[in-house]
Amino acid sequence: MASEPAGDQQRIELEAEQRQVEEAQRGNLDAMRPILERYAQPLYGTVILPRLGNTASAEEVLRDTLATAVEKIGRFTWQGKSIYPWLRQIAINKVYDVHRQSKRSRRLADAMVHELPVESDPDSHADAQLIADQERRAHRERIAETMGLLQERYRTAIELRLVQELPREECARRLGVTIGTFDVLLFRAVRAFRKHFGDRTAAGESTGDHTSEERPS
Amino acid sequence: MATDDDDILSGPVPAPDAEPTAAERAHAKTFAELVDKTLSGRTPPAMSADDRALLEVATVIRAASGGLALPAARQGALIEDVLRQAVGVGAPRGAGASHASGITPIGRGRARRWAPWAIAAASTLVAAAAIAMLWLRPPPKAAAPVAAEVVPARWTSRPTDPLIGPIPREHAGEAGARIDYIFADRLDGFRERRWSPGAPGSRGGKP
């Protein structure tokens with residue numbers, strides 16, 4: 001069966017990760033290097049950046065997350081699963097620390113946190129790749145839901161410029177408008193997206209409970 | 001009254017075919033240029049709070065579509081930086097490194113961070129102690145008044161009038177004799193002062 005070699009591979013990786021964690025806990029912090037190299041990208045791309053929307057801040061938060069992980073590795077208890085959920089939780093707490101300083105962007109963070117999949121809970125036994133994939137899918141669904149609330153032309157403007165990343169001239173040509181008009185369309189589209197994103201969050205705030213997340217630090 | 005900020009971030013969004021105002025066109029153009037720069041990886045550090053909020057939304061959309069990854073070089077530098085900070089500068093890299101000798105405890109890195117603060121705190125304490133000592137030290141005792149030395153008039157500089165007296169006209173030309181007289185008088189005083197035991201400047205003996 002095809003899944004057996006994959007399962008073996010996953011078990012081997014998990015054992016290697018366990019050895020690296022134990023080595024780091026014995027004082028050889030350099031043993032953390034393969035772990036950080038493996039998980040930096042999923043943390044940045046699926047946990048931090050989608051919640052911050054700012055690449056410079058996201059890099060800073062990633063750096064803080066990895067530094068905290070290295071510093072507090074002695075407190076981590078191996079429970080037969082990847083260290084990734086623990087790292088992810090540190091990253092989420094760091095993101096909240098950033099958003100707490102900015103009332104305006106807090107709604108943006110909440111919008112993502114309320115949609116966290118159950119499988120990404122630190123107590124679950126899902127592996128790192130699965131968690132990252134689920135989280136990525138959840139972000140996409142959330143974006144798609146909000147896009148579905150926009151008017152057709154706004155949705156197209158965002159799709160062409162921000163998802164397909166086409167040049168402004170090409171976007172304007174496809175929509176049959178001048179570049180100036182396309183600029184206005186995109187401007188309004190992003191405003192409308194933000195408004196809907198925030199409105200859904202405000203509705204979710206009454207049921208969501210991101211404060212119950214355990215802080216690993 | 002609504003502010004511009006309210007209008008842009010939370011005010012109603014016009015329909016796609018609504019005629020834009022000149023201000024909206026200008027703002028839209030600025031935002032479009034910011035998006036241009038961001039897509040080419042040159043996000044300007046300075047921008048208005050409104051533009052930043054909208055640009056963050058644009059980045060969230062892009063991130064969710066998978067279009068944003070941390071460049072490998074940036075990731076490598078970042079991890080290297082984190083580990084260097086944690087294990088200390090100069091720690092050997094790689095699995096083959098000597099763990100026992102090369103790794104610096106993380107506490108040392110922390111101590112390195114605190115060192116400037118510790119030095120500043122110690123300097124402040126020393127300065128405060130010096131000021132407190134200056135402030136609290138007992139006032140200096142008033143110096144005992146020194147008794148004025150009693151000096152006989154004949155040892156001091158003084159007019160010669162009492163010695164010479166009025167000079168009659170017929171003796172006006174005998175100035176040399178008067179000078180000799182004055183000199184002899186002053187020499188007496190000098191000798192007395194010079195050779196009297198206990199007198200200031202005295203050599204304490206007979207000539």
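Each residue in the range B:21-50 was checked for being crowded, with 17+ Cβ neighbours inside 10 Å and in a helix (DSSP H, G or I), and 10 of them qualify.
Annotation: of all residues in the range A:131-165 being hydrophobic (A, V, I, L, M, F, W, C) and not in a helix (DSSP H, G or I), the one that is surrounded by the most Cβ atoms within 10 Å (Cβ to Cβ) is A:L150. If B:I167 satisfies every condition in (1) β-branched (V, I, T); (2) part of a loop (DSSP other than H, G, I, E, B); (3) under 30 Å from A:E71 (Cα atoms); (4) modelled with pLDDT of 75 or more but one, which is the exception? Tallying (1) β-branched (V, I, T); (2) part of a loop (DSSP other than H, G, I, E, B); (3) under 30 Å from A:E71 (Cα atoms); (4) modelled with pLDDT of 75 or more, B:I167 fails exactly one: (3). Against the test of being assigned to a helix (DSSP H, G or I) and surrounded by fewer than 20 Cβ atoms within 10 Å (Cβ to Cβ), the options A:Q41, A:Q79 yield a single qualifying residue, A:Q41. When B:A120 is tested against (1) more than 18 Å from A:A67 (Cα to Cα); (2) in a helix (DSSP H, G or I); (3) modelled with pLDDT under 90; (4) among the aliphatic types (A, V, I, L, M), just one condition goes unmet, and that condition is (3). Is at least one residue of the range A:191-211 in a loop (DSSP other than H, G, I, E, B), over 23 Å from A:Y96 (Cα atoms), at pLDDT 85 or above and in contact with a helix residue (DSSP H, G or I) (Cβ under 6 Å, 6 or more places away or on another chain)? Within the range A:191-211, none of the residues are in a loop (DSSP other than H, G, I, E, B), over 23 Å from A:Y96 (Cα atoms), at pLDDT 85 or above and in contact with a helix residue (DSSP H, G or I) (Cβ under 6 Å, 6 or more places away or on another chain). Taking A:L108, is it within 14 Å of chain B (Cβ to nearest Cβ) and modelled with pLDDT of 90 or more? When the stated conditions are applied, A:L108 does not pass them. Candidates in the range A:32-50 are the residues that are within 8 Å of another protein chain (Cβ to nearest Cβ) and in contact (Cβ under 8 Å) with a residue 12 or more places away in the chain; of these, the one that is farthest from B:L70 (Cα to Cα) is A:M32. The residue pairs whose first member lies in the range B:67-82 and is without any contact (Cβ under 8 Å) to a residue 40 or more places away in the chain, whose second member is among the hydroxyl-bearing types (S, T, Y), and whose beta carbons are closer than 9 Å, counting only pairs six or more residues apart or on different chains, are B:L68/A:Y44; B:L68/A:T55; B:L68/B:T59; B:A69/A:Y44; B:L70/A:Y44; B:L70/A:T55; B:Q75/A:Y44. For the range A:135-165, the set of residues classified as among the basic types (K, R) and either at the interface with chain B (Cβ under 8 Å from one of its Cβ atoms) or touching a Ser or Thr at 6+ places or on another chain (Cβ under 6 Å) (or both) consists of A:R136, A:R140, A:R142, A:R153, A:R161, listed by residue number. Taken as a whole, the condition of being more than 7 Å from chain A (Cβ to nearest Cβ) and not in a loop (DSSP other than H, G, I, E, B) does not apply to B:T59.
The values are calculated or read from the model by the stated rules, or taken from the named source; none is laboratory data. All figures in this text were calculated on a predicted structure; none of them were measured in a lab. Positions of Cβ are generated from backbone atoms using ideal geometry, with glycine treated the same way; all protein chains shown enter the neighbour counts.
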